[in-house]
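A.B. asks: Attaching a single structure in structure tokens format; questions to follow.
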Amino acid sequence: MSIFSFISWRDWSLQLYFIYCGMTSQVIKVDTTTEMHCWVPTTPSPKKPTLVLIHGFGANAMWQWYLQIRPLLHNFNVYVPDLVFFGKSYFTGNERSEFFQAESVMKLLKQLGVTRFHLGGISYGGFVAYRLAHLFPDSVEKVVIISSGVCMVYEDKDELFKNNDSLVVADILLPKTPDHLRLLMKFSLNRPPTMVPSFILQDFINVMYTEQRERKVELLQHVAFSKEGAPPLPVLNQETLIIWGADDLVFPLELGHRLKRHLGDKAKLVVLKEAGHAVQLESPHEFNNVIKTFLIGSSL
């Protein structure tokens with residue numbers, strides 16, 4: 001006898017919402033070892049620019065970008081892929097770096113006929129977006145990096161979740177228990193919910209974090225923090241918007257300022273008040289307007 005899952009129902013309802021907004025779900029075999037899922041416009045408009053949104057750790061891409069889809073579709077052909085090992089995207093090889101993720105996204109977009117696009121990435125997705133923009137400058141136009149510690153050095157890893165020495169980073173970003181998920185919400189949201197029952201949180205863990213968990217842990221282990229003697233983080237040629245929540249407890253705001261200094265005059269930093277790490281969910285109206293202004297407005 002099956003047990004009702006609220007999270008599975010919510011996932012299904014979000015799929016219907018994406019379809020209602022004019023999106024189609026596609027699974028593309030990009031090479032012999034990789035299948036990637038992507039939400040694509042049902043009828044792309046040749047008059048609109050293209051925007052690719054790359055999610056971070058946590059739930060699938062749909063859950064992370066659902067507050068952006070309808071507003072941004074008015075101005076862009078929006079593509080929302082699931083990174084490898086998330087959602088319906090799979091890979092049978094041994095690669096785990098964000099460089100590999102970036103190359104996989106590019107293969108996917110080429111198969112979808114997307115050759116020029118704006119690019120946004122949040123948190124871990126910002127690492128992937130940064131590498132994609134650097135590796136494929138002829139394809140990527142403007143870049144939006146959101147709440148992403150791409151400028152972290154190896155020593156900064158010790159500062160992640162520094163008040164929770166009993167837990168490793170993977171236990172927080174890929175929670176196994178309701179208490180771990182509550183802790184993740186505390187770090188990710190400026191206003192975390194306080195009355196969510198444990199059975200709902202466990203349901204969320206079962207649906208979103210159980211499948212391919214070991215491979216996701218390996219992704220975390222392969223994030224390329226700069227080490228002494230390693231090549232420095234490249235400077236992007238594209239105009240770049242950096243968006244940060246003022247109260248981000250995952251990647252402190254100083255990392256946003258550090259990235260702005262690294263990129264120089266080609267970058268602009270926008271800090272959204274009363275928002276944490278998941279700034280696109282906590283301040284969606286302001287977030288969406290900032291992105292639209294940057295991408296379709298004048299140069300910095």
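A.B. asks: Checking the condition closer than 22 Å to Leu14 by Cα, part of a strand (DSSP E or B) and modelled with pLDDT of 95 or more, which residue from Tyr79, Tyr66 passes?
C.D. replies: Result: Tyr79 is the single residue among Tyr79, Tyr66 that is closer than 22 Å to Leu14 by Cα, part of a strand (DSSP E or B) and modelled with pLDDT of 95 or more.
A.B. asks: I've got another one for you. Scanning the stretch 171-191 for residues that are of a type in the set (D, E, K, R) and in contact (Cβ under 8 Å) with a residue 60 or more places away in the chain, which turns out farthest from Leu249 (Cα to Cα)?
C.D. replies: Within the stretch 171-191, the match that is farthest from Leu249 (Cα to Cα) is Arg191.
A.B. asks: Would it be correct to say that Val52 is of a type in the set (A, V, I, L, M), at pLDDT 95 or above, over 21 Å from Val207 (Cβ atoms) and not in a helix (DSSP H, G or I)?
C.D. replies: yes
A.B. asks: A further question follows. I'm told His37 meets every condition in (1) touching a Phe, Trp or Tyr at 6+ places or on another chain (Cβ under 7 Å); (2) surrounded by 18 or more Cβ atoms within 10 Å (Cβ to Cβ); (3) of a type outside the set (Lys, Arg) except one. Can you identify the failing condition by its number?
C.D. replies: With (1) touching a Phe, Trp or Tyr at 6+ places or on another chain (Cβ under 7 Å); (2) surrounded by 18 or more Cβ atoms within 10 Å (Cβ to Cβ); (3) of a type outside the set (Lys, Arg) applied to His37, the lone miss is (1).
A.B. asks: Ok, one more. I'm told Met195 meets every condition in (1) modelled with pLDDT under 95; (2) under 15 Å from Val250 (Cα atoms); (3) of a type in the set (A, V, I, L, M, F, W, C) except one. Can you identify the failing condition by its number?
C.D. replies: (2)
A.B. asks: Among Ser89, Ser104, Ser123, which is closer than 18 Å to Gln280 by Cα and crowded, with 18+ Cβ neighbours inside 10 Å?
C.D. replies: On the way: Ser89 fails: closer than 18 Å to Gln280 by Cα; Ser104 fails: closer than 18 Å to Gln280 by Cα.
That would be Ser123, the only listed residue that is closer than 18 Å to Gln280 by Cα and crowded, with 18+ Cβ neighbours inside 10 Å.
A.B. asks: Also: Within the stretch 173-181, identify whether any single residue is at pLDDT 90 or above and among the polar types (S, T, N, Q), and answer yes or no.
C.D. replies: yes
A.B. asks: For the structure I just gave you, tell me whether Arg96 is at pLDDT 95 or above, within 17 Å of the chain's Cα centre (by Cα), of a type in the set (D, E, K, R) and surrounded by 20 or more Cβ atoms within 10 Å (Cβ to Cβ).
C.D. replies: Details: at pLDDT 95 or above: no; within 17 Å of the chain's Cα centre (by Cα): yes; of a type in the set (D, E, K, R): yes; surrounded by 20 or more Cβ atoms within 10 Å (Cβ to Cβ): yes.
No: the conditions fail for Arg96.
A.B. asks: Further, regarding this structure: Against the condition outside any loop (DSSP other than H, G, I, E, B), touching a residue at least 60 places away in the same chain (Cβ under 8 Å) and touching a Leu at 6+ places or on another chain (Cβ under 8 Å), how does Val27 come out, does it pass? Please lay out each step first, then the result.
C.D. replies: Values: outside any loop (DSSP other than H, G, I, E, B): yes; touching a residue at least 60 places away in the same chain (Cβ under 8 Å): yes; touching a Leu at 6+ places or on another chain (Cβ under 8 Å): no.
Taking the combined requirement at face value, the residue does not satisfy it.
A.B. asks: Just the residues that are surrounded by 12 or more Cβ atoms within 10 Å (Cβ to Cβ) and hydroxyl-bearing (Ser, Thr, Tyr), please, taken from the stretch 194-217.
C.D. replies: Of the residues in the stretch 194-217, the ones surrounded by 12 or more Cβ atoms within 10 Å (Cβ to Cβ) are 196, 198, 200-209, 211-213, 215-217.
Hits for the stretch 194-217 are Ser198, Tyr209.
A.B. asks: Checking the condition farther than 15 Å from Ile145 by Cβ, surrounded by 19 or more Cβ atoms within 10 Å (Cβ to Cβ) and either of a type outside the set (S, T, N, Q) or at pLDDT 95 or above (or both), which residue from Glu282, Glu286, Glu274 passes?
C.D. replies: Glu282
A.B. asks: Which pairs do you get when a residue that is without any contact (Cβ under 8 Å) to a residue 24 or more places away in the chain, found in the stretch 90-110, comes within reach of a residue that is surrounded by 19 or more Cβ atoms within 10 Å (Cβ to Cβ) and of a type in the set (Asp, Glu), reach meaning Cβ atoms under 9 angstrom, with the pair 6+ apart or on two chains?
C.D. replies: Glu95/Glu103
A.B. asks: What's the total number of residues in the stretch 59-82 that are among the charged types (D, E, K, R) and in contact with a Lys or Arg (Cβ under 8 Å, 6 or more places away or on another chain)?
C.D. replies: Residues in the stretch 59-82 being among the charged types (D, E, K, R) and in contact with a Lys or Arg (Cβ under 8 Å, 6 or more places away or on another chain): 1 in total.
A.B. asks: Could you list, in sequence order, the residues of the stretch 224-245 that are modelled with pLDDT of 95 or more, of a type in the set (A, V, I, L, M, F, W, C) and either more than 24 Å from Glu141 (Cβ to Cβ) or surrounded by 13 or more Cβ atoms within 10 Å (Cβ to Cβ) (or both)?
C.D. replies: Leu236, Leu241, Ile242, Ile243, Trp244
A.B. asks: Separate question: Between Ile291, Ile296, which is β-branched (Val, Ile, Thr) and in contact with a strand residue (DSSP E or B) (Cβ under 8 Å, 6 or more places away or on another chain)?
C.D. replies: The conditions single out Ile291.
A.B. asks: Lys47 - would you say it is surrounded by fewer than 17 Cβ atoms within 10 Å (Cβ to Cβ), assigned to a loop (DSSP other than H, G, I, E, B) and charged (D, E, K, R)?
C.D. replies: Against the criterion (surrounded by fewer than 17 Cβ atoms within 10 Å (Cβ to Cβ), assigned to a loop (DSSP other than H, G, I, E, B) and charged (D, E, K, R)), Lys47 qualifies.
The values are calculated or read from the model by the stated rules, or taken from the named source; none is laboratory data. In this text, all values refer to a predicted model and were calculated from it rather than measured experimentally. With ideal geometry, Cβ positions are generated from the backbone for all residues, glycine too; neighbour counts draw on all protein chains shown.
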